[in-house]
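S.K.: First the structure, which I've put down as structure tokens, then a few questions once you've had a look.
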Amino acid sequence: AWEDKGGDEHAKMSVRVDSKQIKEFSVSGTRAAPQEFEVRVRLTQGERAIHAAFTNDFYIKDKADRNLGVENISVAGPLDENTVERPAQWKRIFARGTKTQTDTARAESILKAFASHAYRRPVTTSQLASLMKLFNAERSAGREFEPAIRTALTATLISPNFLFRSVAHPKAADPTSHYSLDGYELASRLSYFLWSSMPDQRLFDAAADGSLLTDEGLKNQVKRLLADPRSRAFVENFSGQWLQLRALPTVEIDRAKFPEYDDKLLAAMTTETTMFFEDVLRSDRSVLEFLSSRETFLNERLAKFYGVPGVSGNQFRRVTLPEGSPRGGVMTMGAILTLTSNTTRTSPVKRGLFVLDQILGTPPPPPPADIPPLEQSSKSNPNATVRESLALHVANPSCAACHNRLDPIGLSLENFDAIGQWRDTENGSPVDATGTLPGNIALSGSADLKRVLHYRSDQFVESLSGKVLTYALGRGVEPFDRPAVRLIAGRTRSQGDRFSALIESVVLSETFRTCRGRKLNHE
């Protein structure tokens with residue numbers, strides 16, 4: 001705390017717990033050099049209100065103005081080690097050392113174990129020496145054992161070794177140099193891939209004994225990590241990235257125009273897609289199920305929205321879609337159809353782009369900057385269908401090359417409105433869901449689109465392989481990665497396109513197990 005001096009007295013500060021004064025202090029510190037005050041008090045378990053009150057305010061206009069400034073209040077404890085049960089978190093750190101050791105030996109035991117866990121590999125001699133230097137400096141300054149250790153623990157948690165998953169590439173600035181990850185680096189890459197978290201002890205053990213560096217050891221760990229409940233993180237994070245589900249809540253659908261669309265429907269759409277993704281993974285089904293499937297996961301609300309009979313209750317369950325249903329596969333799920341729409345209408349361009357980019361891995365180049373929005377193209381006829389407006393919009397020859405690929409795909413989904421509900425008409429006119437792709441490939445509705453995507457299943461599996469590899473590495477796939485992606489896709493195809501085969505192929509790839517140097521740009 002600090003004071004603005006005014007009058008004959010220093011500022012008085014009353015420290016109170018639950019409105020009861022514990023102690024009053026006279027404060028003479030300044031803004032530039034605040035004072036520290038300490039008070040000890042025994043409290044029973046539960047919430048407590050802690051205050052610092054200014055008790056001698058003083059003011060004379062244009063002459064004196066006494067003020068109290070409180071920078072912060074911190075609480076530490078328990079202080080009585082003999083009578084208070086320590087929490088499990090404290091024990092995991094401080095139980096490493098024993099009180100029969102010297103302070104230095106005990107601190108070294110605690111910091112060695114803690115830093116090795118935080119750095120996700122055995123702490124080096126020099127790293128431990130740096131932490132011990134901090135501890136010894138704190139002790140020399142008069143700090144008690146535990147506060148001195150806390151300073152060193154804090155330093156551990158702001159270290160780049162904790163904050164970043166670094167790789168000890170000896171020639172990191174040489175693009176021609178390849179470095180094979182050691183066991184601990186590989187353990188971290190694998191656990192953050194499938195768990196979005198650090199390795200567990202079994203992974204550390206496999207790193208230590210070298211088994212993780214073998215094909216068989218990696219295969220065993222992949223199976224174990226996928227079977228663990230922590231792999232739910234892969235389901236949520238990869239599906240959110242690949243299918244762009246993370247962006248769905250940001251889509252601003254006009255709820256006046258689409259009153260059926262509310263937060264519960266949005267949540268149901270997201271749940272359907274996530275549960276379907278997880279089922280393909282857990283059941284180890286073919287990844288081609290993402291293109292078309294007779295099964296999905298619905299509750300009563302979403303089933304009625306889709307027009308699927310026989311589903312009641314809020315609980316989601318596996319549902320076999322009726323024969324001839326236009327649904328099936330991620331592209332006809334409400335989440336993806338809404339995600340690829342505009343506020344008030346469908347967007348064949350966005351839907352076409354989603355298929356080309358996320359499904360087939362062949363995105364078109366960005367549009368020219370001077371192309372006006374679709375809404376401006378249709379001002380002459382406000383009742384025009386999206387197809388009619390799009391025809392005006394792409395009359396520019398410079399747009400045709402890309403739109404000839406984008407539009408037929410998006411238009412094949414036009415029977416689904418901006419929130420993914422089936423419709424037969426738009427603005428009073430029958431929906432035309434036909435189109436022709438380059439090569440004179442005719443599309444008429446979502447069923448034709450699915451057939452075309454299955455025909456290009458090699459392309460889809462290679463695209464998905466690249467997406468999974470990107471997620472696993474935490475960086476984009478570059479031209480020199482293309483051979484690895486093709487090998488991953490080929491191995492996946494040879495094993496029935498099973499999702500586990502794709503993940504295993506990614507982990508066994510040279511790209512996953514190595515890293516390449518990067519030319520540094522100093523400009």
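The values are calculated or read from the model by the stated rules, or taken from the named source; none is laboratory data. In this text, all values refer to a predicted model and were calculated from it rather than measured experimentally. We place every Cβ from the backbone using ideal geometry, glycine too, and count neighbours over all the protein chains shown. Note: accessible area is taken over every heavy atom of the protein model, side chains too, but ligands, DNA and RNA are not part of it. Shrake-Rupley method; radii C 1.70, N 1.55, O 1.52, S 1.80 Å.
S.K.: Go through region 155-165 and count every residue that is part of a helix (DSSP H, G or I) and open to solvent by less than 80 Å² (accessible area, probe 1.4 Å).
M.R.: Looking only at that region, the number is 5.
S.K.: Test of understanding: among L298, L392, L356, which residue is at pLDDT 95 or above and touching a Ser or Thr at 6+ places or on another chain (Cβ under 9 Å)?
M.R.: Going through L298, L392, L356 in turn, just one is at pLDDT 95 or above and touching a Ser or Thr at 6+ places or on another chain (Cβ under 9 Å): L356.
S.K.: Same structure, new question: What are the residues in region 341-366 that are free of Cβ contacts under 8 Å to residues at least 60 places away in the same chain and in a loop (DSSP other than H, G, I, E, B), if any?
M.R.: P363, P364, P365, P366 - these are the residues of region 341-366 that are free of Cβ contacts under 8 Å to residues at least 60 places away in the same chain and in a loop (DSSP other than H, G, I, E, B).
S.K.: Let me confirm something: among T125, T176, which residue is touching a residue at least 60 places away in the same chain (Cβ under 8 Å), within 30 Å of T514 (Cα to Cα) and open to solvent by 80 Å² or more (accessible area, probe 1.4 Å)?
M.R.: It is T176.
S.K.: Follow-up question, since we're still on this one. Is region 96-108 home to any residue that is free of Cβ contacts under 8 Å to residues at least 40 places away in the same chain, open to solvent by 50 Å² or more (accessible area, probe 1.4 Å) and within 14 Å of L153 (Cβ to Cβ)?
M.R.: yes
S.K.: Another question about this same structure. Considering only region 482-523, how many residues are touching a residue at least 12 places away in the same chain (Cβ under 8 Å), of a type outside the set (K, R), part of a loop (DSSP other than H, G, I, E, B) and over 14 Å from L469 (Cβ atoms)?
M.R.: Residues that pass the stated criteria total 4.
S.K.: Same structure again: Hey, could you check region 62-95 for residues that are surrounded by 10 or more Cβ atoms within 10 Å (Cβ to Cβ), of a type in the set (A, V, I, L, M, F, W, C) and within 37 Å of the chain's Cα centre (by Cα) and say which is farthest from G6 (Cα to Cα)?
M.R.: Checked region 62-95; the qualifying residue farthest from G6 (Cα to Cα) is A95.
S.K.: Take A442 and tell me if it is open to solvent by 50 Å² or more (accessible area, probe 1.4 Å) and either closer than 23 Å to S347 by Cβ or touching an Asp or Glu at 6+ places or on another chain (Cβ under 7 Å) (or both).
M.R.: Against the criterion (open to solvent by 50 Å² or more (accessible area, probe 1.4 Å) and either closer than 23 Å to S347 by Cβ or touching an Asp or Glu at 6+ places or on another chain (Cβ under 7 Å) (or both)), A442 qualifies.
S.K.: How many residues, within region 133-154, are open to solvent by less than 80 Å² (accessible area, probe 1.4 Å), polar (S, T, N, Q) and closer than 14 Å to T104 by Cβ?
M.R.: Qualifying residue count for the region: 1.
S.K.: Do you know which residues across region 210-259 are within 21 Å of M331 (Cβ to Cβ), polar (S, T, N, Q) and exposed (fewer than 13 other Cβ atoms within 10 Å of the Cβ)?
M.R.: Residue satisfying the conditions is T250 alone.
S.K.: Out of the residues in region 1-51 that are of a type in the set (A, V, I, L, M) and assigned to a strand (DSSP E or B), which is farthest from S74 (Cα to Cα)? I'd like the intermediate steps shown before the answer.
M.R.: Quick first cut of region 1-51, residues of a type in the set (A, V, I, L, M) only: 1, 11, 13, 15, 17, 22, 27, 32-33, 39, 41, 43, 49-50.
Still in the running and assigned to a strand (DSSP E or B): 11, 13, 15, 17, 22, 27, 50.
Working: A11: 20, M13: 15, V15: 12, V17: 13, I22: 15, V27: 17, I50: 10 Å.
The selected residue is A11.
S.K.: Let me ask another. Can you tell me which residues in region 189-206 are open to solvent by 10 Å² or more (accessible area, probe 1.4 Å), part of a helix (DSSP H, G or I) and either among the polar types (S, T, N, Q) or in contact with a Gly (Cβ under 6 Å, 6 or more places away or on another chain) (or both)?
M.R.: Passing the criteria: only Q201.
S.K.: Looking only at region 111-122, which residues are crowded, with 17+ Cβ neighbours inside 10 Å and not in a helix (DSSP H, G or I)? Outline the logic, then answer.
M.R.: Keep residues of region 111-122 that are crowded, with 17+ Cβ neighbours inside 10 Å, which gives 111-112, 114-121.
Of everything in region 111-122, those that are crowded, with 17+ Cβ neighbours inside 10 Å and not in a helix (DSSP H, G or I) turn out to be R120, R121.
S.K.: If a residue has to be at negative phi, among the small types (G, A, S) and under 35 Å from the mean Cα position of the chain (by Cα) to count, how many in region 410-452 make the cut?
M.R.: 5
S.K.: Follow-up question, since we're still on this one. Regarding E375, is this residue among the acidic types (D, E), modelled with pLDDT under 70 and assigned to a helix (DSSP H, G or I)?
M.R.: yes
S.K.: Out of (1) surrounded by 13 or more Cβ atoms within 10 Å (Cβ to Cβ); (2) not in a loop (DSSP other than H, G, I, E, B), what's the single condition that is false for Y59?
M.R.: With (1) surrounded by 13 or more Cβ atoms within 10 Å (Cβ to Cβ); (2) not in a loop (DSSP other than H, G, I, E, B) applied to Y59, the lone miss is (1).
S.K.: List the residue pairs whose Cβ atoms are under 8 Å apart, where the first residue sits in region 422-437 and is over 23 Å from Y455 (Cα atoms), the second is among the aliphatic types (A, V, I, L, M), and the two are 6 or more positions apart or on different chains.
M.R.: R423/V431; D424/V431; T425/V431; E426/V386; N427/A384; D432/L411
S.K.: Counting only residues that are more than 16 Å from P326 (Cβ to Cβ) and assigned to a loop (DSSP other than H, G, I, E, B), which one in region 405-429 is least open to solvent (accessible area, probe 1.4 Å)?
M.R.: Only one residue fits best here, namely A418.
S.K.: Looking at region 95-129 only, could you name the residues that are charged (D, E, K, R) and farther than 29 Å from S191 by Cα?
M.R.: K99, D103, R106
S.K.: Give the number of residues within region 77-110 that are of a type in the set (K, R), in a loop (DSSP other than H, G, I, E, B) and at pLDDT 75 or above.
M.R.: If we filter region 77-110 for residues that are of a type in the set (K, R), which is where we start, we get 86, 91-92, 96, 99, 106.
If we keep only those that are in a loop (DSSP other than H, G, I, E, B) as well, we get 86, 96, 99.
Now narrow it down to the ones that are at pLDDT 75 or above: 86, 96.
Result for region 77-110: 2.
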